[in-house]
Amino acid sequence: MVKAHPPVSDGLSPKMAPGQNAEPWLGEKERFMLLLIVPAGIVLVLFQIVPIIFGANASFRDWQLFDPVRTWVGLKHYIYILNDPTFLTVVLPNTFLLMFLSVTLSLIGGLALAHYLHRNLAGQWPMQTIILLPQMIAPVIAAMMMRWVFNDQFGVVAAFLDWIGFGPIAWLAQRWPSFFIVVFTDVWIWTPWFALILLAGLRSLPREPFEAAQIDAAGPWRTFTHLTLPMLRSVIAVCVLIRSIDAFRSFDVIWILTGGGPARSTEVFSIYTYIETFVNLDFGRGSAAAMIGALIILVVAGVMYKAASRVMDVSR
Amino acid sequence: MTALPVEQSGHPYRWTDALAPGGRQAFLWLATIAIVFLFLGPIVILVVTSLRPGWAVFYIYRGTDFTLQNYRDVLATEAVIHAFINSFLVATLATIVSIGVTVSSGYMLSRFRGPIPRAWFGTIYVFRTVPYISWVLPLYLVCYYLGIYDTYAGILLPHIAVHICFFSWIMKGFFDGIDPSMEYAALIDGCTRWGAFLRVALPSAIPAIAALGILSWLYTWNEFLFALILTG
């Protein structure tokens, strides 16, 4: 992260002569600050805050889609969802497992790829392009592609397994193979993202500590764990923070690959909410699920923010 | 002396030195092949499948029949062409508006300190965190009541809203990297705050903003959930 410059100071503004600071609390500077954020604020309020209030209201009502009767039922939907075995034993573990596995594996893969690209060899540009390909195609396309690759009868993986002597495995008909394919696709899409950002981080590191480590005959692994990782930690912290929040809400890849199936066993929080609303047509329960998910991720993001702030100043 | 082996071998010690001669080269080749296989392989399969006649896609690993008929069929379908035009329009408009709206908010976050920027950053972080489904789901009904469900406005405005938080954050980073002393100079010479922002700071940030524009266009082009919920 770039070191922030000091703010535009009051004393330099010709409008604010010294001693004129005794203005009301909404001074010229504050008005300017508010004007700068007004456009963004209006869009944010209209299309995020208003819908969330709307959804919070709906989550306390018995609200069937397109049914005008909206009885106030209090916490009924919340109690239902928090007692729903699907939500507790499938949706929550899946969501956090996907978040954890996707972020960890893409981080490890991204670090490896970044080191691979960092060597400045001939033929680096084509390799960089190939590594970036998964980020260039839409996640929906990537998911459809992976579904084809992992098709249990016609897919390449099935053909390969057949060739080395394993019988056909109905990948998408069992929970853990389906979940594995979802994680694999997510990692496939996001490893290049980590690689690109970590590569930029690696290139901006100073050379001297590494030369010093070589003179002290530190092995490559020791150099990596004691120099590279600590020096990259702020970049890693930001990547993990952003990616974890995004992985929690992943929808399209799973929706295309498994649709939450087989038998709702690969549902994550977003899919659960969508199915409750548009398949079971219960807007109240869907909103309650959406609220619960939002609260969970707010707590998780708060904890991660605190953890990341120890390593670096996130807001700066 | 511990540094001696390094001097003698003529190049810094690498763990691959433990391998047989040429082992490092072989290892790098293997890594290269694995990367090409993993990242290019599925896309090659996608392209090859798109060139197969309809009955041959089920035998993806054999056969030599290729055809361009699929592409002709797709390009002859009105709905597909229409979908491409829609995606293009929405992505372009959403990019222009969201960049225009967030650039000032990023500038504010970068240049000022105090309770207002802190509160605004907190808001942005919180709403960046809220899962899409939690606000797009009720937005479906809000759009319905506003009468913009299944219209361009109905699909465009949420695509702008979704970028506000993240882009403000990124823009702040851009402006952090620009030295504010030019703006001080402009202020001393009698420029207004708006002038310092629009005429001094903004032009220096244009290259970074252009890059973010490309990213924004791609994000919108790739988005799936909004269109799934907000259009019929």
The one condition in (1) modelled with pLDDT under 85; (2) farther than 23 Å from A:ASP246 by Cα; (3) crowded, with 22+ Cβ neighbours inside 10 Å that B:TRP135 fails to fulfil: (2)
Determine whether region B:97-119 contains at least one residue that is within 26 Å of the chain's Cα centre (by Cα), within 23 Å of A:PHE251 (Cβ to Cβ) and within 14 Å of chain A (Cβ to nearest Cβ). yes
Residues in region B:131-138: is at least one in contact with a Leu (Cβ under 6 Å, 6 or more places away or on another chain), facing another protein chain (nearest Cβ under 7 Å) and closer than 21 Å to B:LEU218 by Cα? yes
Just to check your reading of the model, which residue among B:ILE178, B:ILE148, B:ILE170 is in a loop (DSSP other than H, G, I, E, B), within 25 Å of the chain's Cα centre (by Cα) and surrounded by fewer than 23 Cβ atoms within 10 Å (Cβ to Cβ)? B:ILE178
If A:HIS226 satisfies all but one of (1) farther than 23 Å from A:ALA307 by Cβ; (2) surrounded by fewer than 19 Cβ atoms within 10 Å (Cβ to Cβ); (3) free of Cβ contacts under 8 Å to residues at least 40 places away in the same chain, what's the number of the condition it fails? (1)
Hey, does region B:101-121 have a residue that's closer than 25 Å to B:ALA227 by Cα and in a helix (DSSP H, G or I)? yes
I'm trying to understand the selection: among the residues of region A:277-296, which are more than 9 Å from every other protein chain (Cβ to nearest Cβ), in a helix (DSSP H, G or I) and more than 23 Å from the chain's Cα centre (by Cα)? A:VAL279, A:GLY284, A:ARG285
Return a yes/no flag: does region A:155-171 have any residue that is away from chain B (no Cβ under 14 Å), surrounded by fewer than 17 Cβ atoms within 10 Å (Cβ to Cβ) and at positive phi. yes
Across region A:204-223, what is the total count of residues that are under 27 Å from A:ALA308 (Cα atoms), within 14 Å of chain B (Cβ to nearest Cβ) and surrounded by fewer than 14 Cβ atoms within 10 Å (Cβ to Cβ)? 4
Where in region A:42-160 are the helices (runs of 4 or more DSSP H), entirely inside, with at least 1 residues that are within 30 Å of B:ILE164 (Cβ to Cβ) and hydroxyl-bearing (Ser, Thr, Tyr)? A:50-59, A:76-83, A:92-117
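For (1) within 30 Å of A:ILE292 (Cβ to Cβ); (2) more than 9 Å from chain B (Cβ to nearest Cβ), each residue gets a yes or a no:
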| site | (1), (2) |
| --- | --- |
| A:LEU88 | yes, yes |
| A:THR95 | yes, yes |
| A:VAL103 | yes, yes |
| A:LEU107 | yes, yes |
| A:ALA112 | no, no |
| A:TYR116 | no, no |
| A:GLN124 | no, yes |
| A:ILE130 | no, no |
| A:PRO139 | yes, no |
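The values are calculated or read from the model by the stated rules, or taken from the named source; none is laboratory data. Everything numeric here is computed off the predicted structure, so don't read it as measured data. Positions of Cβ are generated from backbone atoms using ideal geometry, with glycine treated the same way; all protein chains shown enter the neighbour counts.
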